[in-house]
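*Asks:* First the structure, then my questions, so here it is.
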Amino acid sequence: MLKWTCLEQTLMKSIYQKRNLTTKTYVQSEKTLNKVIYAPMKAFKFGLLFIALFSFHLHSQQVDMSQARSMCANATAQQKQMARAAGYDLDSLCSQLQTQGTSSNTGTTATVTQLPQRNAKQAGDDGVVTKKEASNPLSLFTPEQISAMSPAQLARVIEQVELKAQERTMEPLKSFGYDLFAGEPTSFEPNLNIPVPANFVMGPGDSLNIQLFGKVSQQLSLVVNRNGQITFPELGPITIAGLSFDEARQLLKQRVKEQMIGVEASITLGEIRSIQVFVLGEAYKPGAYTVSSLSTITNALFATGGIGDIGSLRNIQLKRQGKLVSTLDLYDLLLRGDTQDDARLMPGDVIYIPPIGTTVSVAGAVKRPAIYELSNEKTVKDVIAMAGGLLPTAYKQEAQITRINDEGFTTAIAVEKPLNSNIKIKSGDYLSIKQRVEITRDVVKLSGHVLRPKQIAWRPNLRVSDLVGSVSSLKPMPQLNSAIIIHESLPLRKLSVDVVDLAAALQNPGSQFDFKLQPQDELIVIGYSESREVQLASVIEKLEKQASIRQNAQVVSVSGMVRFPGMYPLADNMTAQQLINLAGGLAESAYTLSSEVTRISFENKEESMVEHHVIELSKNADSFILKSRDVLNIRQLPEYREFATIEVKGEVRFPGTYRIKKGETLRSLMKRAGGFTDFAHIEATLFTREELKEREARQLRQLRERLKADLANSQLEKANVGENANLSSLQQLSESLDSTEAVGRLVIDMPSVLSGDSEDVILKDGDSIIVPAFRQEISVVGEVQYPTSHLFDPYLSFEEYIERSGGETDKADDDRIYIVKADGSVVLPNKSGWINATGVTIEPGDTIVVPLDVDATNSLGLWTQVSQIVYQIAFAAAALNNL
C-alpha cells in the first residue's frame with residue numbers, strides 16, 4: 001500500500017499544479033473548462049485509485065481492498081459526477097468490488113450521444129457523434145511496470161494523460177435557447193392536439209358534437225358552413241360564426257330548451273378548422289404550413305422545426321397582410337415563462353425570423369454559461385442576470401471581458417464587482433467570470449495520524465490543545481513526543497517548521513509546550529504505524545523548492561540506528577534529540593556513547609567544506625543545534641546483532657530451535673542438545689546451510705541450461721550425419737534434473753567433530769542439523785535390474801550387493817560405479833584385476849550407484865556429472881523426508 005499512497009500523493013500534486021494553469025484560448029468557456037478539466041482532475045485521483053486497486057487485485061493478493069470499499073461507501077454524489085466527467089463510472093466499479101467480479105476493461109471507451117435529428121447532417125449520416133473519454137493511464141502499462149516506476153515517472157505519465165484529456169474534452173459555448181427546438185417536422189398535417197381556450201371564436205369549418213337526451217336521445221355532429229351557420233334538425237339554421245365557443249354553446253342550449261320540450265343538450269367542440277401560414281426567414285425549414293386555427297407563433301415554430309442556427313430568438317415577427325402585427329421575444333418565454341406576446345395565428349399569416357442580432361458569450365462561474373443574443377441588455381450586470389446570476393463558487397470581485405477592438409486586435413478589459421458593473425457590452429464580447437481560488441485563509445489545519453482531519457477558523461490565542469482536543473481524536477499508536485507545525489507566512493507563502501511535544505501540550509494546556517497557532521498553520525501528527533516518507537514528502541519537497549542562495553533548504557537527515565531513518569524538516573534551533581524523536585526514537589541496537597553529525601559548511605565563499613562533529617547522545621543531544629542539510633548518523637552497538645537460530649531435529653535428547661551466539665560451534669551445540677539417543681545414526685547426520693542451498697540452486701539452474709543446450713546440439717549433430725537421435729535416457733535424466741531442488745547439504749564427519757579429530761564447524765544463522773535413526777539397509781540404485789535396498793551384511797562387497805539387485809543393465813557404466821556414504825560423501829571404488837575392489841568398506845546407510853553409460857549413448861562428459869548430482873541431492877532430500 002505504500003506505493004499506492006505515493007501514487008495518491010503524486011496525483012494530488014499534479015492536480016494542484018493544474019489548478020493554477022491559465023488558458024490562452026479566450027473563445028472557450030470557463031464554465032466548460034471547469035466542468036471538463038478542473039473537476040475531472042479532482043476526480044482523477046479518486047477514479048484512478050479505484051482502477052489501480054482493481055487492476056492490482058487481479059495480480060496481487062497484497063492489496064487492501066477494504067480501502068476501496070470504504071471509498072465506495074463514502075463517495076458523494078458530487079464525487080461520482082466528477083468521476084463520470086473524468087471517464088470513470090464509480091457505480092460500476094463499486095458494484096464489481098462488492099461482487100468480487102473480474103476487472104472491467106480499462107482501455108479507452110467510447111460514449112455515443114444521440115444528437116437531435118435536426119443536426120443529423122452536421123453529425124453524419126447516422127446522426128450520432130462519438131467522443132472519447134479520458135484514458136486510464138494504468139491501461140498503458142502492466143502492473144509490474146507501474147510498481148517499478150518512481151514517483152517522478154508516475155507524475156510524468158499522469159501529466160501526459162491529463163493534457164490529452166484536456167485536448168479531447170474542451171468544447172465551445174453553445175448558443176442559448178436553440179435546444180428548445182430539438183425535433184424535426186414529421187409531416188405537414190395540422191397539429192390538432194392543442195387545448196381549446198374558452199374564448200375560441202367559431203368560424204366556417206369548425207364542428208360541434210351535440211348529444212340530446214331526455215324525451216329524445218340523439219347524437220349530432222354539425223359543421224359551420226360558409227355562411228357561418230349550422231343546420232340543427234327541428235331548429236333550422238342557427239348562426240354561430242363570430243361567437244366564442246362558450247357563447248355558441250349557451251345559445252344552442254337555450255334554443256333546445258325553449259323549442260324542444262323535455263330535451264336537454266350536451267355540447268362539445270369537435271373538429272376545428274385548419275389554416276395555412278408561412279414560416280420564412282432564418283427558419284429551420286422555411287415554407288408554407290397547415291396548422292390548427294388554435295395555433296400561436298410558438299405552436300407553429302415547434303411544429304415546423306424551429307429556428308435555424310443563425311436565426312434570431314428575440315425578434316420573431318408576425319406579419320398579416322403585409323403589416324407587422326406583433327413581435328415575439330423567445331427569451332421572455334425561456335427565462336421568465338411569459339407568453340403574453342405569443343399571438344394567435346390567422347389564415348395567411350407570415351412568421352418571419354430575421355438573422356441573429358448582437359451576441360455576447362458568458363462563461364465561467366455563472367449558472368447558464370452560453371452565447372446570448374442581446375435586446376435591451378446593455379451592461380455587464382444585465383448580461384450576468386440573463387445568464388442566471390453567479391455561482392456560489394464565483395469570484396465576485398472581478399471579471400474579464402475579451403474584446404476585438406476596432407483595429408482587429410484582441411484586448412482585455414477588467415471588470416470590478418461585475419454584479420453591479422455598468423460597463424457597456426459590445427457585440428462579440430466574451431465575458432469570463434472566474435472561479436474563486438480554492439485557497440483557505442484564516443484557518444488552521446489538523447492532519448496526519450488523526451481519525452478525522454479537519455480545519456477550523458483561526459482565532460487569537462488558539463493553541464495546539466484547542467485544535468487537537470484530546471488523545472482520543474488520534475489514531476492508534478500516535479507519536480506523542482513529536483508533532484510538526486507548518487507555518488505559512490503571507491504574502492509569499494514561505495514555509496517554516498516547529499516541533500511540538502504533543503503529550504506535554506495536551507497534559508498542560510496553556511503552557512509553554514502548548515504553542516499558539518497562527519493563521520494558515522498546519523499541525524501534522526505522526527504515527528508509529530505509518531511511513532514518515534509518505535507523511536512528510538510534500539512538506540520536504542516545498543522546503544527544498546524554496547531554497548535559494550540566501551537560504552539553504554531547511555531539511556536534515558538521520559541515518560543508522562533509529563526507528564525511521566530518512567529526511568525531516570528542520571525547525572528553528574532544532575536539536576539532535578528533537579530529530580531523533582521525529583525519527584521515532586533510538587533503536588535498541590543504538591550506540592549512545594558516540595554519534596556523528598556530518599555538515600556542509602558554506603563559510604568559505606570559494607568552496608564548500610565538509611565537517612564532522614562527534615556528539616555523545618546521553619550528554620549533549622539536547623544542546624547540539626542542527627543546521628541545514630546536516631546528517632545525523634546513529635551508530636550501531638559494537639558486536640550487536642540479532643540472535644541467530646539453529647534447528648536441531650531427529651535423534652537427539654532435546655530437539656528444537658536453539659539461539660546461538662557469534663562463533664558458537666557444532667560441538668558445543670550438540671552438548672546443549674543433550675547428546676544423542678540410543679537410536680541415533682550419528683554417521684548419517686545431515687547438516688544443511690541456507691547460503692549453500694542458494695549457491696546450489698544457482699548451480700542447478702546453470703547446469704539445467706547447459707544440459708538443454710547440449711541435448712539440443714547432440715540431436716542436431718545426429719540429424720546432420722543421418723543417424724537416429726535416440727536420446728530417451730538422456731532426456732529422462734534431464735527431466736530428473738528439472739525436478740531436483742537444492743538442499744544445501746554440508747558433508748561433515750560427525751563422530752570426528754565430536755571427538756576432536758577433525759575441525760569443529762562454526763555455526764551460522766539458519767543452519768539445520770538432522771540426526772536420523774539408525775539405518776540397517778544398503779540401497780542399490782541406477783542401472784541395475786531391480787533397484788532396491790538390502791539388509792546390511794558386513795561380509796558382502798558392493799559387487800555382491802549389485803548382484804543381489806539382479807546385476808547391471810546393458811546401459812550401465814561399471815567403470816564409474818560410486819558409493820554415497822551415509823554422511824553424504826562419495827567414494828569411488830579402486831579396481832584392479834578381475835573386478836576385485838580394494839579399500840572400500842560398505843557401512844549401514846550407504847547407497848551404491850550404478851550410473852548410466854553416457855559414453856555409449858553420447859560423448860558428453862557433462863552427463864556423468866549430472867547423474868552424480870541428481871543422486872546426491874536425492875539422497876539428502878530422502879533423509880529430510882524420512883524424519
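The values are calculated or read from the model by the stated rules, or taken from the named source; none is laboratory data. Remember, it's a predicted structure, so these values are computed and weren't measured experimentally. Here the Cβ positions follow ideal geometry from the backbone for every residue, glycine too, while neighbour counts run over all protein chains shown. Each accessible area value is taken on the protein alone, full model and side chains, heavy atoms only, with ligands, DNA and RNA left out. Shrake-Rupley method; radii C 1.70, N 1.55, O 1.52, S 1.80 Å.
*Asks:* Mind giving me the FRET efficiency for Asp246 and Ala385? R0 is 30 Å, r the Cβ-Cβ distance, nearest 0.05 is fine.
*Replies:* After rounding to 0.05, the efficiency reads 0.15.
*Asks:* Compute the separation of the alpha-carbon centres of region 250-314 and region 471-539 and state it in Å as a whole number.
*Replies:* Value for the Cα centre distance between the two parts: 76 Å.
*Asks:* Then there is this: With a bin width of 10 angstrom, please list the P(r) values of region 380-469 as percents of all Cα-Cα pairs, from the 0 bin to the one holding the largest distance.
*Replies:* All Cα pairs, binned at 10 Å, distribute as 14, 31, 18, 16, 15, 6, 0 percent.
*Asks:* Another one. I'd like the chymotrypsin sites (Phe, Trp or Tyr not before Pro) in region 386-445 restricted to DSSP loop residues with at most 15 other Cβ atoms within 10 Å, sorted by number.
*Replies:* Listed in order of number, the matching sites are Phe409.
*Asks:* Per residue, how many Å² of accessible area does region 271-324 show with a 1.4 Å probe? Numbers along the way, then the final one.
*Replies:* Working: 2210 Å² over 54 residues.
Each residue of region 271-324 exposes 41 Å² on average to a 1.4 Å probe.
*Asks:* Further, regarding this structure: Could you please put Leu313, Leu374 in sequence from largest to smallest accessible area, using a 1.4 Å probe?
*Replies:* Ranked list, largest accessible area first: Leu374, Leu313.
*Asks:* Then there's this: Counting only heavy atoms of the protein chains, get the accessible area per residue of region 525-602 (1.4 Å probe) and round it to a whole Å² value. The partial results should precede the final answer.
*Replies:* On the way: 3390 Å² over 78 residues.
Result: 43 Å² of accessible area for each residue.
*Asks:* Rounded to the nearest percent, how much of the accessible area of region 420-578 (1.4 Å probe, protein heavy atoms only) is carbon and sulfur?
*Replies:* 51 percent
*Asks:* Leaving ligands, DNA and RNA out of it, rank Tyr658, Tyr801 by accessible area with a 1.4 Å probe, largest first.
*Replies:* So, going from the largest accessible area down, we get Tyr658, Tyr801.
*Asks:* Rolling a 1.4 Å sphere over the protein heavy atoms, what is the accessible area per residue of region 337-494, to the nearest Å²?
*Replies:* Values: 8380 Å² over 158 residues.
Accessible surface, normalised per residue, equals 53 Å².
*Asks:* Binning at 10 Å from 0, report for region 520-570 what percent of all alpha-carbon pair distances ends up in each bin.
*Replies:* Answer for region 520-570: a P(r) of 22, 51, 23, 4 percent.
*Asks:* Same structure, new question: Divide the volume of the convex hull of the Cα atoms of region 434-523 by its number of residues and quote the answer in cubic angstrom per residue.
*Replies:* 101 Å³
*Asks:* Translational diffusion coefficient, Stokes-Einstein: compute it for region 439-486 using the Kirkwood radius over C-alpha pairs as Rh, at 20 °C and 1.002 mPa s, and state it as an integer in µm² s⁻¹.
*Replies:* On the way: Rh = 11.7 Å.
The Stokes-Einstein estimate is 183 µm²/s.
*Asks:* Where Rh is the Kirkwood radius over the Cα pairs of region 216-329, the temperature 4 °C and the viscosity 1.567 mPa s, what D in µm²/s does Stokes-Einstein return?
*Replies:* So the translational diffusion coefficient is about 75 µm²/s.
*Asks:* Now for a different question. So for region 470-628, considering every pair of alpha-carbon atoms, how many percent are separated by more than 25 Å?
*Replies:* Result for the distance tail: 34 percent.
*Asks:* While we're on this one: Is the shape of region 321-449 best called rounded, prolate or oblate, per the rule: a/c under 1.5 gives rounded, else a/b larger than b/c gives prolate, else oblate, with a ≥ b ≥ c the square roots of the Cα gyration tensor eigenvalues?
*Replies:* prolate
*Asks:* Another question, then. Using heavy-atom solvent-accessible surface (probe 1.4 Å) with all chains present, what is the largest-first order of Leu791, Leu626?
*Replies:* Leu791, Leu626
*Asks:* Would you mind checking Lys367/Lys424; Lys434/Lys516; Lys323/Lys426; Lys174/Lys285; Lys445/Lys475 for any pair whose Cα atoms are more than 28 angstrom apart?
*Replies:* With Cα atoms farther than 28 Å apart: Lys434/Lys516; Lys323/Lys426.
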